[in-house]
Amino acid sequence: YRYRDWPRFFTTGLRFYNNTFFDNQDFAISMGGDSFDKGYTSFRNNLFMNNIYAYNDLEKGMCLRFTHRSSAENCMVAGNLFAGNTPETKTIHAVTYPERADYTAEEANAALPEFYRDNFTADPAFVDQEKGNFTLKSNSPAIDKALPLTKVAKMAEGYFICGNPQPSIFLPVE
């Protein structure tokens, strides 16, 4: 196919929970939507929660591209640890056309709260990353930082967050 002849591709309903993305040659994750101006949203209901993005090339853990802020429906990046070579390394590349910027996790939380919440920058403290042991040491800042993936409605009733991906429902606003 030539690019303009490609059929519509929708990135919807993705759930990335509790993964480690380490030493990738480019961004650990790069995806987005660019079809809002054509009357449909191609990037919606995607959740990236409680992951570790560490030491990926280009110093970027994640790249999410949206044609307009409103072109991404119910997408949230929350509770993730981002690690670069220094604490000041901007590990998130965010594009909300026409703006594009690189952020630390904390900067992305502040600048784009509709997409980024409760992310943090830290060394994950792997046991032995050089030998492929990505177990967290007991003093890792990632321990006990995960956001809940389920919500209890009342005794013996609840639901998985991915069953109702409205960010305002599963992430309390402070």
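Things worth noting here:
- Pairs are defined by a Cβ separation below 9 Å, a sequence spacing of at least 6 or placement on different chains, a first member in the range 103-121 that is on the phi > 0 side of the Ramachandran plot, and a second member that is open to solvent by 40 Å² or more (accessible area, probe 1.4 Å); the pairs so defined are Asp118/Lys145.
- In the condition set (1) under 14 Å from Val77 (Cβ atoms); (2) assigned to a loop (DSSP other than H, G, I, E, B); (3) open to solvent by less than 50 Å² (accessible area, probe 1.4 Å), His93 is compliant with all but (2).
- Restricting the range 106-135 to residues that are hydrophobic (A, V, I, L, M, F, W, C), open to solvent by 40 Å² or more (accessible area, probe 1.4 Å) and farther than 23 Å from Met76 by Cβ, the residue that is nearest to the chain's Cα centre (by Cα): Phe134
The values are calculated or read from the model by the stated rules, or taken from the named source; none is laboratory data. Quick caveat, the model's predicted, so the values are computed rather than measured. We place every Cβ from the backbone using ideal geometry, glycine too, and count neighbours over all the protein chains shown. Areas reflect the complete protein model, heavy atoms only, side chains present, ligands, DNA and RNA absent. Shrake-Rupley method; radii C 1.70, N 1.55, O 1.52, S 1.80 Å.
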